[in-house]
Amino acid sequence: QQQVKQSPQSLIVQKGGISIINCAYENTAFDYFPWYQQFPGKGPALLIAIRPDVSEKKEGRFTISFNKSAKQFSLHIMDSQPGDSATYFCAPSIVGNTPLVFGKGTRLSVIA
Amino acid sequence: DGGITQSPKYLFRKEGQNVTLSCEQNLNHDAMYWYRQDPGQGLRLIYYSQIVNDFQKGDIAEGYSVSREKKESFPLTVTSAQKNPTAFYLCASSTFLARMGTGELFFGEGSRLTVL
């Protein structure tokens, strides 16, 4: 079974700070690296995703950093806001192949 | 509005009863999925379907059954054989797996099942 290890399990960040969540994977065939955001009582939604041909992708305050040799990718949330408080999941996959395998999630709390 | 509709949002069941969770999508997606979410466990795949009248088991299919008679619909039955059915169930859809899409999953708002 493909393994995906996400860390930390929970994270508390001051408003305006940087939140960093990491995802390590084993399958070198993965070619799609998304992060999903889930608010309480709702379904997850795609936040940002990256392909392995680039090392970084930025969308507003959210950045994915990808390290192919280390088999890791990270989500950075700059200027974290209370509205960012949610659970974040990584879900690396092979596009056109098996369904997404999700990490166990990171519960982020941004406090004022 | 295009999206995925799950019903009911909350469901209570007595032990020994089967229950069926509904999932309907109007996104014209080929593939549909059912995930189970437990605290601290992430999302675990129960079943998925790439085309009508075909589906595959996921990692935790025991005690569950599905059907895919229409492209828009993918109901999940939680049977009495499922030993610990209390959980949050999420239905999702995507473009056909074998196509060069992004692989993005679109989720419904979930159904919370509680066994009394």
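None of the figures in this text is laboratory data; all of them are computed from the coordinates on show. Everything numeric here is computed off the predicted structure, so don't read it as measured data. So basically every Cβ, Gly included, is an ideal-geometry build from the backbone, and we count neighbours across all protein chains shown.
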Normalised Cα Rg of chain A, dividing by 2.2 N^0.38 Å with N its residue count, works out at 1.01
Ordering of B:106-113, A:100-107, A:47-54 by packing [mean C-beta count within 10 Å, highest first]: A:100-107, B:106-113, A:47-54
I need to check one value: relative contact order of chain B, counting alpha carbon pairs closer than 8 Å and at least 6 residues apart, in percent. 35 percent
Give me a single rounded figure for A:31-42: the average over its residues of other chain Cβ atoms within 10 Å of their Cβ. 2
Evaluate peptide A:86-92: per residue, the Cβ atoms of other protein chains within 10 Å of its Cβ; return the mean as an integer. 2
Using the Cβ atoms and a cut-off under 11 Å, what net charge is assigned to the surroundings of B:R68, where Lys and Arg are +1 and Asp and Glu are -1? -2
Less than 14 Å Cβ to Cβ from B:Y35, Lys/Arg counted +1 and Asp/Glu -1: what total charge do the surrounding residues give? +3
Here the FRET efficiency for A:K15 versus A:K42, based on Cβ atoms and R0 = 25 Å and rounded to 0.05, is 0.65
Given a cut-off of 22 Å, name the pairs among A:K42/B:K9; A:K42/B:K14; B:K14/B:K83; A:K5/B:K71; A:K5/A:K71 whose C-alpha atoms lie farther apart than that in the structure shown. A:K42/B:K14; A:K5/B:K71
Kirkwood Rh in Å, taken over the range A:1-59 so that all alpha-carbon pairs contribute: 13.7 Å
Taking the alpha-carbon set of the protein assembly as shown, what are its Rg and Dmax in Å? 17.6, 51
Gap separating the Cα centres of the range A:20-46 and the range B:47-77, nearest whole Å: 23 Å
Over all residues in B:41-52, what is the mean tally of Cβ atoms on other chains that come within 10 Å of each residue's Cβ? 3
Note, B:N53: beta-carbon cut-off 15 Å, +1 each Lys/Arg, -1 each Asp/Glu, net -1
Would you order B:M32, A:M78 from fewest to most other beta-carbon atoms within 10 Å of each residue's own beta-carbon? A:M78, B:M32
Relative contact order of chain A, defined on C-alpha pairs under 8 angstrom at six or more residues apart (%): 37 percent
What percentages, rounded to whole numbers, describe P(r) for the range B:1-69 computed over all alpha carbon pairs with 5 Å bin width beginning at zero? 3, 13, 21, 27, 22, 10, 3, 0
